[in-house]
Amino acid sequence: MIIGIDAREGIKDQRAGKGEYVYQLVGRLIQNRQHQFKLFLDADLPLEWKQANVQPIVFKTNALLWQKIMFWYLELWRPVDVYFSPTSLILPALVRRVPVVTAVMDFVSFILPERHKLKALILERIWMRPALRYSQKIIAISEHTKQDAIRLFKVNPAKIAVTPLAPSFGSSEKPYPLPYTKIILGVGTLEPRKNLERLVAAFNLIKAEVQEATLVLVGRWGWQSDGIKKAIATSPYGKDIHILEDVNNTQKKSIYQQAAVLAFSSLYEGFGLPLLEAMACGTPVVAANTSSVPEVVGEAALLVDPASITELATAIQKVLQDDRLAADLKSKGQAQAQLFSWEATATQTLQVLMETQKKC
């Protein structure tokens, strides 16, 4: 079988959740030598993906023109048996002559539109419905995302397969020494959906009781971040709040291992990779009780109402001050993280692709 994959997100230097998903998944899918893979890119093929059963198809152009070229390439030439679109909705909404499998991360633009970028909001409002309709199969990264697709778009449940994500770190780990104690760690793009203004407010309450506490936020500044910046600037403990924008994939484990607790206060997540990464590293987790988070952490985290600053602060403070609780969460978290693997994700994804090809 010839499998085509839009792999653009996986070759970016700085990979967020979607990019990490593509990078980890493609790297494992192509290990199946029974199939040929055409990887559609907008830059050169990474060295680690170069092998006999991989053919890069590279169009070095802007995103809009890339989509147009790819549409005609797929429609006129039909160069693959199945096309897998892990991050884009445009081609799945338009292509008809090649069977398409589309992966869906989340539906934040429909559930929390005020917390979503306007450009992305408009694009998803245009392309989501036809993409879900015309895709032969849909891959959801969590059961919660699957249920959102059914609830919001009336998608046939039999059309949706759930393939969870997994923790991942660099192949050669490098230290990132932090000169702080009692680190409360936040990981993710610094934007409104991550609920970081409330996390800063919770930190202010904690700091009054736990003087050695430090808040470390790992991530790049996103859109509408003025509120977060203001919360930090006006905090009486602003000097103990640190932003790390320069962390690469090989340094993540070092940071997790130095943290006393991961505080994951996000209002909505399609999955929540930092949860698994923290648990895999033995970092206790306090997380929001919303969206996909409970199914990812199971019984291995303290879940709180993300709208309650007091509840968030109380749970984090408990972990900082109760060594027995922290040890219990560490043990449960490590066991929970072992239930997820990229090998399993790749196996399940390949099965969906093969089933799609057989039906068409």
### Message
Please return the ranges of helices (runs of 4 or more DSSP H) entirely within the range 249-360 where 3 or more residues are under 21 Å from T214 (Cα atoms).
### Response
252-258, 273-280, 309-321, 323-337
### Message
Quick check on the range 176-187. Is at least one of its residues part of a helix (DSSP H, G or I), touching a residue at least 12 places away in the same chain (Cβ under 8 Å) and assigned by TED's automatic domain parsing to the domain that holds P294?
### Response
no
### Task
Only one of these is surrounded by fewer than 21 Cβ atoms within 10 Å (Cβ to Cβ) and over 25 Å from the mean Cα position of the chain (by Cα): L45, L74, L65. Name it.
L65
#### Entry: Those residues of the range 1-36 which are assigned to a helix (DSSP H, G or I), β-branched (V, I, T) and farther than 15 Å from A166 by Cβ, in sequence order
I11
### Message
Residue under question is F71, and the condition is that it be without any contact (Cβ under 8 Å) to a residue 40 or more places away in the chain and outside any helix (DSSP H, G or I); does it hold?
### Response
no
### Message
With the structure loaded, tell me whether I2 is hydrophobic (A, V, I, L, M, F, W, C), touching a Gly at 6+ places or on another chain (Cβ under 9 Å), surrounded by fewer than 21 Cβ atoms within 10 Å (Cβ to Cβ) and in contact (Cβ under 8 Å) with a residue 24 or more places away in the chain or whether it fails that test.
### Response
no
#### Entry: A52 vs. criteria hydrophobic (A, V, I, L, M, F, W, C), more than 23 Å from the chain's Cα centre (by Cα) and outside any helix (DSSP H, G or I)
yes
### Task
Would you point out which residue out of L118, L112, L123 is under 20 Å from V95 (Cβ atoms) and at pLDDT below 95?
L123
### Query
What number of residues within the range 206-219 are at pLDDT below 95 and touching a strand residue (DSSP E or B) at 6+ places or on another chain (Cβ under 7 Å)?
1
#### Entry: Within the range 233-246, tally of residues that are at pLDDT 95 or above and under 25 Å from the mean Cα position of the chain (by Cα)
4
### Task
Being surrounded by 15 or more Cβ atoms within 10 Å (Cβ to Cβ) and either assigned to a helix (DSSP H, G or I) or in contact with a Cys (Cβ under 8 Å, 6 or more places away or on another chain) (or both) is the filter here, so list the residues in the range 112-125 that pass it.
R115, L121, L123, E124
### Query
Looking at L112, L65, L132, L121, which one is without any contact (Cβ under 8 Å) to a residue 24 or more places away in the chain and closer than 22 Å to S291 by Cα?
L121
### Message
So I241 ticks every box in (1) within 28 Å of P177 (Cβ to Cβ); (2) out of contact with any Phe, Trp or Tyr (no Cβ under 8 Å at 6 or more places or on another chain); (3) not hydroxyl-bearing (S, T, Y) but one. Which box is left unticked?
### Response
(2)
### Message
For the structure I just gave you, tell me whether V261 is closer than 14 Å to L329 by Cα and buried (at least 23 other Cβ atoms within 10 Å of the Cβ).
### Response
yes
### Where a residue in the range 232-245 is at positive phi and its partner, wherever it lies, is at pLDDT below 95, with Cβ under 7 Å and at least six apart
none
### Query
So, in the range 96-109, of the ones that are in contact with a Ser or Thr (Cβ under 8 Å, 6 or more places away or on another chain) and under 22 Å from V293 (Cβ atoms), which residue ends up surrounded by the fewest Cβ atoms within 10 Å (Cβ to Cβ)?
M105
### Task
Quick one: K137 ticks every box in (1) among the charged types (D, E, K, R); (2) touching a residue at least 12 places away in the same chain (Cβ under 8 Å); (3) over 23 Å from Y23 (Cα atoms) except a single one, so which number is it?
(3)
### Query
Which residue out of T87, T61 is modelled with pLDDT under 95, part of a loop (DSSP other than H, G, I, E, B) and not hydrophobic (A, V, I, L, M, F, W, C)?
T87
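The values are calculated or read from the model by the stated rules, or taken from the named source; none is laboratory data. None of the values given here were measured: they were computed from a predicted structure. Here Cβ is always computed from backbone atoms with ideal geometry, including for glycine, and neighbour counts include all displayed protein chains.
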